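The next block holds one structure in the form of structure tokens; read it before the comments.
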Amino acid sequence: MSKISKYKTLSLANDSFLKSDYDTALRYFAEVLHDYPDSKEAYNGAILAEMAMSGEDGAEALFDYYTILKDEDKEQADQVISEILETIDGTLDQLKTIFAQPLKDRLEQENGILYKDFISLVEDEGDFKRVFENIMFSTKVIISEKEDFVDFLDRLMTHGFKEMALSYLESALSIYPNDNQLRELLKRLAQARNIEN
């Protein structure tokens with residue numbers, strides 16, 4: 001019995017996913033896994049398709065990110081997405097819990113500082129990186145507005161905290177997968193990481 005064409009079937013699976021036909025995408029990924037059980041791309045694709053079928057909003061954003069990474073370095077892309085998929089469930093649960101707590105309670109419980117107060121400190125000192133490094137281990141920056149969150153991510157990326165920005169961004173995209181500002185930041189971050197590598 002001859003094996004299927006791995007690359008053609010993966011291409012069909014990816015096309016189906018991009019058309020939001022997750023059921024068909026999953027079938028194609030499963031066919032590849034049947035004949036090529038070590039295919040990381042098929043394995044990751046199957047998990048993302050299952051996530052999308054079960055209504056997990058972050059699946060589409062992660063798939064887009066995966067596609068960008070694959071264009072630059074396929075092997076690294078497989079590894080990065082595998083690691084993200086291993087940790088995403090816990091991150092998503094944590095994020096939902098954080099957003100569910102009232103702001104005032106969070107400020108008291110977490111020894112927090114409002115984002116606007118944090119930015120005032122940055123403006124007074126004139127150095128985002130130094131202020132952030134001074135408070136990041138003892139104080140949490142509490143962000144309640146989307147625009148502040150986008151600004152915070154942008155500043156993290158600009159000042160060399162790319163891994164931290166990616167972690168926050170992945171969590172946010174799992175909740176708001178179609179947000180254009182967040183997706184643009186993800187593309188910028190992916191491009192910056194590829195330039196460094």
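Couple of notes before you dig in:
- Once backbone amide H atoms are built at 1.01 Å from N, Lys140 has Gly112, Ile113 as its partners under 5 Å, excluding neighbours fewer than 5 places away on the same chain.
- When each of Lys146/Lys187; Lys19/Lys146; Lys6/Lys162; Lys70/Lys162 is checked by Cα-Cα distance, pairs over 24 Å: Lys19/Lys146; Lys6/Lys162
- Full extension of the chain between Lys187 and Ser167 yields a length gain of 5.8 nm, computed as 0.36 nm times the residue separation minus the alpha carbon distance.
- By a 1.4 Å probe calculation restricted to protein chains, Asp23 has an accessible surface near 80 Å², given to the nearest 10.
- Separation of the stretch 17-37 and the stretch 153-174, taken as the distance between their Cα centroids, equals 30 angstrom.
The values are calculated or read from the model by the stated rules, or taken from the named source; none is laboratory data. These numbers were taken from a predicted model, which means no experiment stands behind them. Heavy atoms of the whole protein, side chains included, go into the accessibility calculation; ligands, DNA and RNA do not. Shrake-Rupley method; radii C 1.70, N 1.55, O 1.52, S 1.80 Å.
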